[in-house]
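First the structure, in the form of structure tokens, and then the observations on it.
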């Protein structure tokens with residue numbers, strides 16, 4: 001690169017210096033007489049970045065609300081609005097007794113709801129009900145003693161979002177379920193014909209304390225019961241009172 005000299009006594013200069021000096025002058029920071037100690041202000045974010053931030057904050061808030069152990073706002077029901085619901089049938093984990101009687105699982109329509117038992121363990125909800133159909137293959141002792149109504153307990157586990165609007169005595173009701181599409185959970189409604197009981201729970205359902213009794217004119221079931229289970233037959237010959245926790249909390 002060629003060099004040239006300036007006035008007498010100046011060192012030789014390259015032509016690159018003629019360009020560097022103006023650039024240094026442009027990029028030299030301008031300082032006021034009283035230098036501020038405050039950090040530099042960041043330029044405004046674009047509208048797109050702000051939108052992403054708001055979306056992330058909303059998703060984070062939804063995650064926190066649906067996380068377990070955060071009180072009423074942490075219920076799984078908060079996520080339900082983002083799911084697609086479809087009709088489903090009850091999935092009994094121990095349906096052998098009913099299948100042996102009926103050859104299938106009878107639909108839970110037009111059942112007579114006798115009692116509702118709540119248990120903080122689980123938490124669980126147990127419905128005691130009369131089934132609308134009498135089995136064709138009923139045990140001989142049932143037939144001989146004129147037992148014409150089958151009763152059983154149906155227990156739902158991990159219950160949440162419980163709502164009880166009405167409690168008609170010995171109501172005839174339909175039990176329907178809806179698959180929530182997440183965490184193996186479903187919604188259960190008991191209607192007569194309006195919804196009187198609703199809750200969400202795990203899809204796994206237990207059934208037990210299957211018995212038969214002779215229906216009375218007043219609709220009560222206070223008379224003798226013939227239980228299908230050997231243990232139930234040994235311990236009970238009728239429906240025990242509500243304070244009998246072993247009977248009502250265990251199926």
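Of all residues in region 119-133, those satisfying the criterion of being surrounded by fewer than 20 Cβ atoms within 10 Å (Cβ to Cβ) and either without any contact (Cβ under 8 Å) to a residue 24 or more places away in the chain or in a loop (DSSP other than H, G, I, E, B) (or both) are 120, 121, 122, 123, 132, 133. Among 237, 221, 232, which is the only one that is more than 29 Å from the chain's Cα centre (by Cα) and in a helix (DSSP H, G or I)? Only one candidate qualifies: 232. Within region 140-161, can one find any residue that is modelled with pLDDT of 90 or more, over 25 Å from residue 240 (Cα atoms) and assigned to a strand (DSSP E or B)? Yes, region 140-161 has at least one match.
In the set 140, 189, only one residue is under 21 Å from the mean Cα position of the chain (by Cα) and assigned by TED's automatic domain parsing to the domain that holds residue 123; that residue is 189.
Screening 154, 150, 210, 190 for residues that are touching a strand residue (DSSP E or B) at 6+ places or on another chain (Cβ under 6 Å), farther than 22 Å from residue 233 by Cβ and surrounded by 17 or more Cβ atoms within 10 Å (Cβ to Cβ) leaves exactly one candidate, 190. Here residue 178 meets the list (1) touching a strand residue (DSSP E or B) at 6+ places or on another chain (Cβ under 7 Å); (2) part of a loop (DSSP other than H, G, I, E, B) almost entirely, failing just condition (2). For region 225-251, a residue qualifies if it is surrounded by fewer than 14 Cβ atoms within 10 Å (Cβ to Cβ) and in contact (Cβ under 8 Å) with a residue 60 or more places away in the chain, and exactly one does: 242.
With respect to being under 27 Å from residue 138 (Cα atoms) and part of a strand (DSSP E or B), residue 211 fits the description.
The values are calculated or read from the model by the stated rules, or taken from the named source; none is laboratory data. For clarity, every value in this text was computed on a predicted model and none was experimentally measured. Here Cβ is always computed from backbone atoms with ideal geometry, including for glycine, and neighbour counts include all displayed protein chains.
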